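Asker: Quick one: the structure is below, questions incoming.
The values are calculated or read from the model by the stated rules, or taken from the named source; none is laboratory data. Given the structure is predicted, the values throughout are model-derived calculations rather than measurements. With ideal geometry, Cβ positions are generated from the backbone for all residues, glycine too; neighbour counts draw on all protein chains shown. Side chains included, ligands, DNA and RNA excluded: accessible areas come from the protein's heavy atoms. Shrake-Rupley method; radii C 1.70, N 1.55, O 1.52, S 1.80 Å.
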Amino acid sequence: VTEGLFTFVAIGADRKQTGVRYSFEDFKRIRGVDYIAQVGAKRRAQNAAFYDGLEAKYGVPAGIVIAIHGMESGFGQFFGKYPVLSSNATVAYDCRRSEFFTAHLLAALQLVDRGWLAPDAIGAAHGEIGHTQFLAGNVLKYGQDGNGDGRVNLYDAADALASTANYLAQKGWKRGQPYSEGTYNFGILNEWNAATVYQKAIAYAAARIDG
């Protein structure tokens with residue numbers, strides 16, 4: 001019964017996605033974007049060397065990476081509540097996007113085999129992993145060892161943030177260029193999340209974090 005309920009919930013979560021339809025002001029309020037910016041600025045100041053190092057290596061401003069961290073998991077407070085492997089298997093089984101999620105299921109199994117993902121790891125309804133909610137295939141393709149332990153573990157903040165910066169860099173982020181709405185780098189945020197209101201929220205919070 002529990003397995004059947006989980007399957008229903010996971011498939012339901014996938015099928016009910018209709019895009020973000022809030023205004024920016026409503027979205028900002030509902031998602032607590034001002035709070036994310038406030039906390040993010042403090043986190044940047046407390047660990048400036050780490051964030052400066054990320055920006056030096058990948059060219060992505062600290063504010064962008066920190067804003068994504070806050071938006072995706074509340075700075076690591078909530079990773080989700082579903083088993084990553086089961087989530088991937090469930091949405092891979094459903095015919096709506098089977099091919100897409102089958103690839104991520106196979107990637108998740110590779111992560112387990114490498115020791116980069118615990119078999120019982122918990123994530124979001126589509127199998128998203130860790131602090132910045134990567135899909136498994138993206139961990140394999142863009143994952144970075146941010147803490148120097150020889151592994152890529154998205155449940156470690158340093159690894160997740162380095163991987164996020166690398167993802168955006170590989171998607172074409174231009175070092176030293178602005179990221180406000182209408183700029184080239186703002187367009188790169190579409191590679192992370194296709195909702196324009198989400199992209200606006202990231203840029204808004206990042207500008208305040210970066211000062």
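Asker: Can you find even one residue in region 101-118 that is polar (S, T, N, Q), touching a Ser or Thr at 6+ places or on another chain (Cβ under 9 Å) and at pLDDT 95 or above? Spell out the reasoning first.
Answerer: Step one: of region 101-118, the residues polar (S, T, N, Q) are 102, 110.
After this cut, where a residue has to be touching a Ser or Thr at 6+ places or on another chain (Cβ under 9 Å) as well, the list is none.
No, because not a single residue in region 101-118 is polar (S, T, N, Q), touching a Ser or Thr at 6+ places or on another chain (Cβ under 9 Å) and at pLDDT 95 or above.
Asker: On to the next question. Given the residues Tyr167, Tyr198, which is the only one that is within 21 Å of Gly80 (Cβ to Cβ), touching a Leu at 6+ places or on another chain (Cβ under 9 Å), part of a helix (DSSP H, G or I) and among the hydroxyl-bearing types (Ser, Thr, Tyr)? Steps first, please.
Answerer: On the way: Tyr167 fails: touching a Leu at 6+ places or on another chain (Cβ under 9 Å).
It is Tyr198.
Asker: Looking at (1) farther than 15 Å from Tyr58 by Cα; (2) not in a helix (DSSP H, G or I), find the lone condition where Gly176 falls short.
Answerer: Of everything listed in (1) farther than 15 Å from Tyr58 by Cα; (2) not in a helix (DSSP H, G or I), Gly176 misses just condition (1).
Asker: Given (1) open to solvent by 30 Å² or more (accessible area, probe 1.4 Å); (2) touching a residue at least 24 places away in the same chain (Cβ under 8 Å), identify the lone condition not met by Phe100.
Answerer: (2)
Asker: With the condition kept exactly as written, say whether any residue in region 147-154 is at negative phi, assigned to a helix (DSSP H, G or I) and surrounded by 19 or more Cβ atoms within 10 Å (Cβ to Cβ).
Answerer: No, every residue in region 147-154 fails to be at negative phi, assigned to a helix (DSSP H, G or I) and surrounded by 19 or more Cβ atoms within 10 Å (Cβ to Cβ).
Asker: I've got another one for you. Looking at region 81-95, is at least one residue surrounded by 12 or more Cβ atoms within 10 Å (Cβ to Cβ), under 22 Å from Gln170 (Cβ atoms) and at pLDDT 95 or above?
Answerer: Within region 81-95, not a single residue is surrounded by 12 or more Cβ atoms within 10 Å (Cβ to Cβ), under 22 Å from Gln170 (Cβ atoms) and at pLDDT 95 or above.
Asker: Let me ask you something else. Enumerate the pairs (first residue in region 139-158 and of a type in the set (A, V, I, L, M); second residue anywhere and in a helix (DSSP H, G or I) and open to solvent by 60 Å² or more (accessible area, probe 1.4 Å)) with beta-carbon separation below 9 Å, excluding pairs fewer than 6 apart on the same chain, so at least 6 apart or on different chains.
Answerer: Cβ pairs passing all conditions: Leu140/Gln110; Leu140/Arg114; Val152/Arg114.
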